[in-house]
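Q: Handing you this structure, nothing more for now.
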Amino acid sequence: MGGVALIIAGAILTSMFQLYLAGEYTGEGIVRSRWWWEIVLNLQILSLALMWFCYVDRISDNVGFKKNLMRLRLAFSLFFVLLPIWLALISASLNWFVVRPPLGTIDKFIIFTVVLWVLAVFTPRLLILRTKARKGEPFSFVALFRPPHWYSVVPTCLLIAFWVIGSVRGVTFKYQYIPFLLYTQSAFPFLEHGLGWGEKPPNGD
C-alpha cells in the first residue's frame, strides 16, 4: 500500500510537470480545469489512505523507540504523498496558474524535494544507529546504509543519468521523469517488503 501510494503521487507530479512544459494553450488550460483537479484530489485521497493504513498497524503494534520511529516515517511519508497538493497551494498563492514560473524555480523545487527525501531516508537510520550504540548492540554502519539488492538503486541511477544528460544538452525531458523516478525509488522498500522480493522461501531453497 505504501509503495502504491508513492507511485501514484510521483505520477501526479510528473503529469503536472508535463503539463507545465506543454505550453500556454494546452498544459495550462488543463491545469486550471476542474475535472483535472477532481482526478488529482481523488488520487491524493487514495494515496493518503493507502499510506495511513500502511503504518497504522506498525504504530499500534510497537512501543517505545520503534513506535516513535514508525510515527516519524509516517510523517515523512504523508508529506511526500501529499506533495502535489502542497505544490498546488504554493502555485495558487504565487499566481503560477496564470504566470508560469521559470525553469530555475522548478530546479530549486526539485533540489528541495531531493534534500527532503535524503533527510527522510537517512534520519530514521541515524536514529537506529544511535539507539544501537547506546545499548551497546553490535551494528554495521555500512550495512545500514547499503541497499539490500542491486536493483534497489536503479531508479536513482536513471534519475542521475537523466539529470546529467538533460543539463548538458539543455533539454527539458528530465523534468518529465525525475519526479516519477524519485518516488519509485522511495517505493522500493515498501514493494520489497510487501512482495517479499529477495527473501528466501521457508525451505531455504
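The values are calculated or read from the model by the stated rules, or taken from the named source; none is laboratory data. Keep in mind the model is a prediction, meaning the values are calculated, not measured. Cβ sites come from the backbone with ideal geometry, for glycine too, and all protein chains shown count toward neighbours. Each accessible area value is taken on the protein alone, full model and side chains, heavy atoms only, with ligands, DNA and RNA left out. Shrake-Rupley method; radii C 1.70, N 1.55, O 1.52, S 1.80 Å.
Q: Could you calculate the FRET efficiency of Asp107 with His193 from 1/(1 + (r/R0)^6), where r is the beta carbon distance between them and R0 is 30 Å, rounded to 0.05?
A: E between Asp107 and His193, to the nearest 0.05, is 0.35.
Q: Which whole-number percentage describes the relative contact order of the stretch 1-120, with Cα contacts under 8 Å and a sequence gap of 6 or more? Provide the component values of the computation, followed by the final result.
A: On the way: 78 pairs, mean separation 36.3, N = 120.
Averaging sequence separation for qualifying contacts and normalising by length gives 30 percent for the stretch 1-120.
Q: Then there's this: Per residue of the stretch 123-133, what does 6.51 cos²θ - 1.76 cosθ + 1.60 with θ = phi - 60° give for ³J(HN,Hα)? Whole Hz please, x for Gly and Pro, Karplus curve as stated.
A: Karplus-based 3J(HN,Hα) across the stretch 123-133 equals 4, x, 5, 5, 5, 5, 4, 5, 5, 5, 5 Hz.
Q: Find the all-direction average of the projected area of the Cα convex hull for the stretch 54-123, expressing the result in square nanometres with one decimal place. Kindly include the intermediate steps, with their values, before the conclusion.
A: Details: hull surface 22.3 nm².
Over every viewing direction, the Cα hull of the stretch 54-123 projects on average to 5.6 nm².
Q: Going by accessible area, probe 1.4 Å, with all protein chains left in place, what is the ranking of Met1, Met51, largest first?
A: Working: Met1 115, Met51 0 Å².
From most accessible down to least: Met1, Met51.
Q: Could you run the Karplus curve 6.51 cos²θ - 1.76 cosθ + 1.60 with θ = phi - 60° over the stretch 34-50 and give me ³J(HN,Hα) per residue in whole Hz, x for Gly and Pro?
A: Calculated HN-Hα couplings, in order: 5, 5, 5, 6, 5, 5, 4, 5, 5, 5, 5, 4, 4, 4, 4, 5, 4 Hz.
Q: Can you give the accessible area of Phe65 in Å² (nearest 10), computed on protein heavy atoms with a 1.4 Å probe?
A: Looks like 80 Å² after rounding.
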